[in-house]
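Step one of this worksheet: look at the structure below.
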Amino acid sequence: MWCRRVWTRGRAPAVLAVLTAGPLVFHRAVPNSVGRVGSLLETFLPWLGLVIVVLSGLALLRRSAAAVMALLLPTAAWTQLFGGLLLPAEEPGPHDLVVVQHNVSDENTDPAGTARALAGAGPDLIALEELVPPALAVYERTLAPDYPYHAVRGTVGLWSKHPLAGARLLDIKPRDVTEPWARGLRAQVRTPHGEIAAYVAHLPSVRVGAGGLASSRRDESAGLLGRAVAAEPLETVILLGDLNGTVDDRGLAPLTSRMDVPRRGFAFSFPAALPLARIDQVMARSATVTHIRALPATGSDHLPVSARVALR
């Protein structure tokens with residue numbers, strides 16, 4: 001009966017608006033100690049904007065001034081966090097690189113078509129994860145005409161229009177993984193604007209279950225990758241990879257605290273059938289990721305993402 005009275009008086013949208021504002025404003029205060037609830041919330045944080053839209057419609061329908069006023073806080077919080085991603089992309093500059101990041105899936109039945117689609121976007125660099133034989137040979141053969149330089153370590157690879165040097169494996173394997181596991185790569189790219197360090201990484205998967213978000217392996221691997229980036233002697237670094245987390249997820253703090261993340265574009269990349277989050281990332285140090293967008297689907301369960309990186 002109480003709920004019915006609140007609804008008919010138009011107070012329900014106001015109450016829900018206050019509840020929505022909490023996660024947006026104080027999401028960092030949500031603990032991660034049990035079930036990594038904080039990381040789970042941060043993965044889907046942008047979608048709280050839809051809740052605000054629905055509540056705004058209800059407030060207008062009910063003509064509730066209290067609800068409209070209550071919605072100002074979550075609206076301001078969402079705009080501060082994500083509003084910049086909706087702004088138009090800046091014009092490409094003379095020192096821009098275009099890069100593509102894609103988890104191609106080890107079950108992809110059309111590696112040749114996937115490779116042609118990625119090359120068709122015209123990037124300078126292409127980073128791929130879940131490379132397995134015999135698909136690897138197909139990617140090498142298909143990309144070779146436009147990308148004469150490439151390096152592969154384990155299941156990750158980098159293709160480039162510019163010469164590569166010093167390619168080596170990055171050890172980002174969690175301690176409790178005993179089987180062979182090579183999912184990190186570092187190489188120098190000799191661009192027309194100077195040398196940069198390119199990192200390609202595929203962090204461990206996370207799972208959502210009754211106990212919350214299982215991400216301890218991912219978080220450990222992110223810490224190892226963050227330390228590698230911190231120790232990188234070259235000033236400019238570009239990181240591309242399936243990081244199995246969004247840039248708002250505190251589990252990726254060892255990376256997001258050290259690197260620039262995209263300023264424009266949501267580019268949700270997973271799952272490909274109904275993209276809900278961008279877990280495929282492009283980050284940079286001493287450079288700016290000015291825009292990121294999702295590309296059309298390939299034979300993978302991820303969408304590729306293309307980003308523009310302005311070198312300083």
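Observations
- Here Arg258 passes the criteria (1) closer than 21 Å to Ala119 by Cα; (2) at pLDDT 95 or above; (3) not in a strand (DSSP E or B) except the one numbered (1).
- Candidates Asp248, Asp260, Asp242 - the one that is open to solvent by less than 40 Å² (accessible area, probe 1.4 Å), of a type outside the set (Val, Ile, Thr) and touching a helix residue (DSSP H, G or I) at 6+ places or on another chain (Cβ under 6 Å): Asp248
- If the condition is being free of Cβ contacts under 8 Å to residues at least 60 places away in the same chain and farther than 28 Å from Gly113 by Cβ, then segment 284-298 contributes Ala284, Arg285, Ser286, Thr288.
- The set of residues from segment 109-130 being surrounded by fewer than 22 Cβ atoms within 10 Å (Cβ to Cβ) and touching a Gly at 6+ places or on another chain (Cβ under 9 Å) comprises Thr109, Asp110, Gly113.
- Residue match in segment 229-239 (condition: in a strand (DSSP E or B) and under 14 Å from the mean Cα position of the chain (by Cα)): yes
- From the list Val289, Val247, the lone residue that is outside any strand (DSSP E or B) and of a type in the set (Val, Ile, Thr) is Val247.
- Matching residues, segment 229-239, being open to solvent by 10 Å² or more (accessible area, probe 1.4 Å) and within 28 Å of Ala297 (Cα to Cα): none
- Of all residues in segment 278-312, those being surrounded by fewer than 20 Cβ atoms within 10 Å (Cβ to Cβ) and touching a helix residue (DSSP H, G or I) at 6+ places or on another chain (Cβ under 6 Å) number 1.
- Residue match in segment 277-284 (condition: in a strand (DSSP E or B) and either modelled with pLDDT under 95 or touching a His at 6+ places or on another chain (Cβ under 8 Å) (or both)): yes
- Reported count of residues in segment 240-268, each being touching a strand residue (DSSP E or B) at 6+ places or on another chain (Cβ under 6 Å), among the small types (Gly, Ala, Ser) and without any contact (Cβ under 8 Å) to a residue 60 or more places away in the chain, is 1.
- Only one entry in Gly245, Gly241, Gly223, Gly299 is within 18 Å of Val99 (Cα to Cα) and out of contact with any Phe, Trp or Tyr (no Cβ under 6 Å at 6 or more places or on another chain), namely Gly241.
- Verdict on Gly194 being touching a His at 6+ places or on another chain (Cβ under 8 Å), touching a residue at least 60 places away in the same chain (Cβ under 8 Å) and closer than 19 Å to Arg308 by Cα: no
Conditions (1) modelled with pLDDT of 95 or more; (2) in a strand (DSSP E or B); (3) among the basic types (Lys, Arg); (4) open to solvent by 10 Å² or more (accessible area, probe 1.4 Å), marked per residue:
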{"position": "Ala165", "(1), (2), (3), (4)": "yes, yes, no, yes"}
{"position": "Glu179", "(1), (2), (3), (4)": "no, no, no, yes"}
{"position": "Arg186", "(1), (2), (3), (4)": "yes, yes, yes, yes"}
{"position": "Val189", "(1), (2), (3), (4)": "yes, yes, no, no"}
{"position": "Ser205", "(1), (2), (3), (4)": "no, no, no, yes"}
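The values are calculated or read from the model by the stated rules, or taken from the named source; none is laboratory data. Since this is a predicted model, take the numbers as computed values, not measurements. Every residue, glycine as well, gets a Cβ built from its backbone with ideal geometry; the counts of neighbours run over all protein chains shown. These area figures cover heavy atoms from the full protein model, side chains too; ligands, DNA and RNA do not enter into them. Shrake-Rupley method; radii C 1.70, N 1.55, O 1.52, S 1.80 Å.
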